[in-house]
Every structure is written in structure tokens, then in C-alpha cells.
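A.B. asks: Right, I'll just put the structure down here and ask away after.
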Amino acid sequence: MREVVVTGGGTGIGYAIAAAFVAAGDRVTITGRREQVLKEAAARLGATYLPFDAAGPAAVKDAAGRLPERVDVLVNNAGGNTNLDRRQSDDLLDVAEGWLANLNANLLSAVLVTTALLPRLAKGGRIITIGSIAARGTGSGSYGAAKAAVEAWTADLAAQLGPRGITANVVSPGLVLDTEFFRGRLTEEGIRARVENTRNGRPGTPSDVADSVLFLASPGARHLTGQVIHVNGGAYLGR
Ligand SMILES: NC(=O)c1ccc[n+]([C@@H]2O[C@H](COP(=O)([O-])OP(=O)(O)OC[C@H]3O[C@@H](n4cnc5c(N)ncnc54)[C@H](OP(=O)(O)O)[C@@H]3O)[C@@H](O)[C@H]2O)c1
């Protein structure tokens, strides 16, 4: 039975990824900051949960000892656009805080959890980090830059871990509904504009992303590493 860790697995895309691995017969641990959300999600899923802030070095260090001793699949899904929770201003202190918040939430969280678990990753293990179409587009500032940095870091990780038979890839979604990402602030117009960019005329679902993650964790994806898999209905053509 594979041991799978999904950060941010209590809601949205992470929850769907956890559900897909549970359905495949794997043992799954979900993480996140809100204990009650995790507790309820884990009970529904039949998974284990561990609350900690993935962007906090001390919190990750402390939590690492309570994560499984062997990890076959690590899904770095925790993240989001922290600007949606912040007041924007041109004051340099606000600018610095805003950029650091997105880098911490999306880049550092994946780097810290991965580094903490590196000694426990099984031979043939898989690391899958959730990126974003924002890394390739324009207009999403520090969030897009943080997700672009995730791609650059993953390229390095693939080289570092290749000799251990471990793959590292990014799954990069376009618009995905039914998550907490937009904090309830996405308008019908916002959805329509994003859907118009797709080739298949629809928004993504959490399970569209989960199915790609499951594939990257499967034996069939063994020679696939250092890549960015775009799951966006053709809204961005990653050729
Ligand atoms: N929805 C979209 O359209 C979309 C598109 C492209 C990429 N993505 C990416 O997909 C991933 C999942 O997002 P989602 O759409 O499913 O939104 P979501 O429902 O808000 O999920 C994000 C999850 O990450 C957890 N999280 C955030 N920061 C964390 C931290 N510092 N430590 C631990 N857990 C943390 C959250 O739980 P707590 O708040 O309890 O910590 C939450 O469960 C994110 O990386 C996001 O950037 C989403």
C-alpha cells in the first residue's frame, strides 16, 4: 500500500486528490492549518490528518516526525493567492509583505515540506507540486511569480532526485471551481472570461486535476520528470 501525503488536502483540489488516492487503495495523510476542517475531511475520506503551517520552518520541522516514516507520493498542493486576503497599497512595506506572503504560501511551503520528507521518500517515489496557469499568464503579480518559481525549483528537484528514481513534476491548473481559492469573490463575468479562453468551453473541476496527479503517481509515468503538465482545457498551450 502506498503512503501518500497531500498538503492542503482538507478542501478543494487537495481534497479531490486525497479522495482519488484513497479510492485507489492508498493510505493518505492530509495536512492544512485548520484542524477542524482537516478532522472532518479526514473522517469523510477515511484518511489521517495532521494540522500544521506548511510555510513555517519550525512547524514543518515539528510535524515531520508525525508524518509517515516512508512516503511514496508527496503532493505539494497547499497554497493560493494571498493577495485575495490582503489590502493592496504602494507602500513598500505592504509591497514587501504581499510578495513574501505569496512566495511563502506557494513556494516555501512546497520547499520546506519536500526538504523535510526527502530522507523518507521511497525509491521510485513521486513529488507532484500544484502550480498554476498564473505562472504563464499576466496580471497575477506575486502569485504568478511564486508559481513560476515552483516550476524552476521542480526542474532542479528532478535533477537532484533522478538518481534515487524519484520523479518531480508540476501539475498546473487553469480555472478550477468548487474550491475555496477565490474566497467567494469570483463573479459570473470572471468565470465567463476565463472559460472563453479554453478550447473545450468549460471550467476545470478538482477531479480534472486529481486525475492528472494520479497518473503522475502511476507506474506509467515513471520516465516523466521535470515537467509541467497543464490542466486547463487549452486555455494555455504548454508546447
Ligand atoms: N482553484 C483554482 O482555480 C486554481 C487554479 C490554479 C492553481 N490552483 C492551486 O491549487 C492549489 C489548491 O487550491 P484550491 O483551489 O483547492 O483552493 P483551496 O480550497 O483554498 O485549497 C488550498 C488548501 O491549502 C491549504 N493551505 C494554504 N496555505 C497553507 C499553509 N501555509 N499551510 C498548510 N496548508 C495551507 C488550505 O487550508 P488551510 O487554510 O486550513 O491551511 C486549503 O485546504 C493551490 O496551490 C492553488 O494555488 C488553484
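Taken together, the values in this text are just the output of simple stated rules run on the coordinates, not laboratory data. Since the structure is predicted, the reported quantities are computational estimates derived from the model, not experimental observations. All Cβ positions, glycine included, derive from the backbone under ideal geometry; neighbour counts span all protein chains shown.
A.B. asks: Tell me what the chain gives for mean residue ellipticity at 222 nm when only DSSP H runs of n ≥ 4 count, each as -39,500 (n - 2.57), the sum divided by the residue total, rounded to 500 deg cm²/dmol.
C.D. replies: Rounded to the nearest 500, the figure is -12000 deg cm²/dmol.
A.B. asks: Now for a separate question. Which of rounded, prolate, oblate describes the stretch 89-149, given a ≥ b ≥ c as roots of the alpha-carbon gyration tensor eigenvalues and a/c under 1.5 marking rounded, otherwise prolate only if a/b is larger than b/c? Show your work: numbers first, answer last.
C.D. replies: On the way: a/c = 5.94, a/b = 1.92, b/c = 3.09.
Oblate, since a/c reaches 1.5 and b/c is not below a/b.
A.B. asks: Alpha carbon centre of the stretch 19-36 versus the stretch 122-176: separation in Å?
C.D. replies: Using only Cα atoms to place each centre, the spacing works out to 20 Å.
A.B. asks: Express in nm, to one decimal, how much length is gained between E69 and D178 on full extension, taking 0.36 nm for each residue of separation and deducting their alpha carbon distance. Please list the in-between numbers first.
C.D. replies: Numbers: separation 109, 0.36 × 109 = 39.24 nm, distance 3.27 nm.
Extra length available between E69 and D178 comes to 36.0 nm.
A.B. asks: How big is D, in µm² s⁻¹, for the chain by Stokes-Einstein at 10 °C and 1.306 mPa s if Rh is the Kirkwood radius over C-alpha pairs?
C.D. replies: This corresponds to a translational diffusion coefficient of 89 µm²/s.
A.B. asks: Same structure, new question: Distance in nm between label sites at E196 and R239, each 7 Å beyond Cα in the beta-carbon direction?
C.D. replies: Result: 2.4 nm between the two label points.
A.B. asks: Starting from the Cα-Cα distance between R44 and T205, subtract it from 0.36 nm times their residue separation and give me the gain in nm to one decimal.
C.D. replies: Stretched out fully, the R44 to T205 stretch lengthens by 56.0 nm.
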